[in-house]
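The values are calculated or read from the model by the stated rules, or taken from the named source; none is laboratory data. Note that the coordinates shown come from a computational prediction; the quantities given were computed from them, not determined experimentally. All Cβ positions, glycine included, derive from the backbone under ideal geometry; neighbour counts span all protein chains shown. Please note that ligands, DNA and RNA were not included when accessible areas were found on the heavy atoms of the full protein model with its side chains. Shrake-Rupley method; radii C 1.70, N 1.55, O 1.52, S 1.80 Å.
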Amino acid sequence: MTVYLVGAGPGDPGLLTLRGAEVLAGADVVVYDRLSVTSLLDLAPPEAERVSVGKQPDGPRTSQDDINALLVARGRTGQQVVRLKGGDPFVFARGGEEAAALAAAGVVFEIVPGITSAVAVPAYAGIPVTMRYSSTSFTVVTGHEDPAKGEGSLNWEAVAALGGTVVVLMGAARCRTICDRLIGAGMAPGTPAAAVQWGTRPHQRTLRATLATLADSELQPPATIVIGEVAAADLAWFENRPLFGRRIVVTRAQPQAAAMAAHLRRRGAEAIELPAIAFEPPEDVERLVRAAAEAGRYDWAVFTSPTGVHRFFQHLRDTRSLGSVRVAAIGPATSAALAEYNLVADLVPQRYVAEALLEALCDEARPRGPGRVLIPRAEAARDVLPDGLAAAGWDVDVIPAYRTVAPAPDPAAAALLADTEAIAFTSSSTVTNFVDAYGVGAVPAIVASIGPVTTATARDRGLDVTLEASEHTVEGLIAALEDFFPR
Ligand code: SAH
């Protein structure tokens, strides 16, 4: 089989190529190092072996010879081996040596180019590496060789004389000597310069200075240094996103947690998925199956969560058994779930809470009077709606469509929570389960709640609720977080 040398890009997992994702999905072994994006490892099958080859600044590191030997040995066993490398595998990444070792051993290999940090990191800082007329070339150099010692093969005079953009990788530690060397080689000390640390990642930081002053600030690797007229360009976009730099815990069940996290990331946040709830089939599945088959006998079917919709339709054998039942949804997410089954909700209340749904149903039914209603929903849920409908004379069947359970606490949670500033609760059960699992003390300082019911539960459990969404949806909650954080 083949050994793939895959460029993982500079950090943002979205910058992996399609080919990279494809070969990861079929990997038997993934060999990765420190700057690899760990979430990309999730693209490999769960049973694939994951081998870290270190390169921690202070921890153990595997020598390049050992890495080459490992790739050759694994390649020979016939496994699909993915060697994941930061940026592009052939740009200052020793991919050339790895490929040479594979070629010499007769092991079939493929190079999957990646997006190099030399171009993408400046781009995420709003710096184009070329500009028509003013910057007509860019030179990518390593800052690893000590320019002061006169060793190495880099001709700094030539680099300075080119007059285009200079991009320095691996230059954080030697920033001062590099800048001095370029000034010595004839570059103007006032030339714009920028350093981008942890580019394309949620904690990206951009320092802007001149060639003379860049080294006055302390630089932590990994950093990409850009020198030249373009470094004065400030087309910032990534760092301007409303939730940039905010670390927010998402407590919803999967797969909703992943969707909410993706939404938060698009708004610039670092989202941490720590589901405090999971869904399981109800005790009595048969009852749900019967209710679905007989849904046409009801006047109304009322859905109070997307999960209720999905579980109900999972057990609906024939759509025609719905007959002419009218359908109500508590809010837009639930009606969107209905739409997945080509059903348009007849009724969605103005406010997305049970009280408002109750009122809207009673209003809507007024001309004909109360009827028969089917409510497929979570096994344990508030009784506002069924009790209210029954009191108004409705014939109510509450059918458990799923059970909510608390997942086992995540052992890595304590460390993650320690430096997280905000947490988002999307239901009362996420609050209860989270506090039961990790304790009130572990809850981040900023508590965001989706609505009044969740807020009340949180206060009950001793939490200070910092903000509550005015529209009780995930989108509303994210908007409330954006309003809360100062830009
Ligand atoms: N093959 C990689 C480069 C490896 S050398 C590529 O094509 O991008 C490692 C250097 O890349 C780091 O010292 C730093 O200069 C740069 N680098 C990698 N990831 C970076 C990031 N997220 N932000 C800033 N610089 C980064």
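Summary table
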read-out: Rounded tilt (10° steps) of 354-365 against the dominant C-alpha axis of the chain; value: 50 degrees
read-out: Degrees between helix 64-76 axis and first principal axis of the chain (Cα, 0 to 90, nearest 10); value: 60 degrees
read-out: Dipole of the chain, positive direction: furthest Cα of A257, G476, N342, with charges on the beta-carbon; value: N342
read-out: Among beta bridges that DSSP assigns inside the range 119-239, antiparallel share in %, nearest 5; value: 75 percent
read-out: 5 angstrom amide H check on T139, placed H, neighbours 5+ away; value: T165, V166, V167
read-out: Segment N240-T319, length gained on full extension (0.36 nm per residue, minus Cα span); value: 23.7 nm
read-out: Restricting the range 179-249 to GluC sites (Glu not before Pro) in coil, as DSSP defines it, with at most 16 other Cβ within 10 Å; value: E218, E239
read-out: Rh (Kirkwood; distinct C-alpha pairs) - the range 148-297, Å; value: 19.3 Å
read-out: The range 3-114, accessible surface, carbon-and-sulfur percent (1.4 angstrom probe); value: 55 percent
read-out: Loop sites in the range 331-376: GluC sites (Glu not before Pro), DSSP, at most 16 other Cβ within 10 Å; value: E340
read-out: Degrees between helix 428-438 axis and first principal axis of the chain (Cα, 0 to 90, nearest 10); value: 50 degrees
read-out: Cα-Cα pairs of the range 380-470 separated by more than 19 Å (percent); value: 50 percent
read-out: Positive dipole terminus of the range 119-239, leading residue within W156, A232, P128 (C-beta point charges); value: P128
read-out: Pair-distance profile P(r), taking every C-alpha pair of the chain, with 10 angstrom steps and integer %; value: 4, 16, 20, 20, 17, 12, 7, 3, 1, 0
read-out: Longest to shortest principal axis, alpha-carbon extents of the range 280-405, angstrom; value: 34, 32, 25
read-out: Counting DSSP beta bridges with both ends in the chain, the antiparallel % (nearest 5); value: 30 percent
read-out: Ellipsoid equivalent to the range 3-114 - semi-axes via the Cα gyration tensor, in Å; value: 18, 16, 14
read-out: Amide H partners (placed H, <5 Å) of R326, local residues excluded; value: W300, A301
read-out: The range 119-239 - accessible surface per residue (Å², probe 1.4 Å); value: 45 Å²
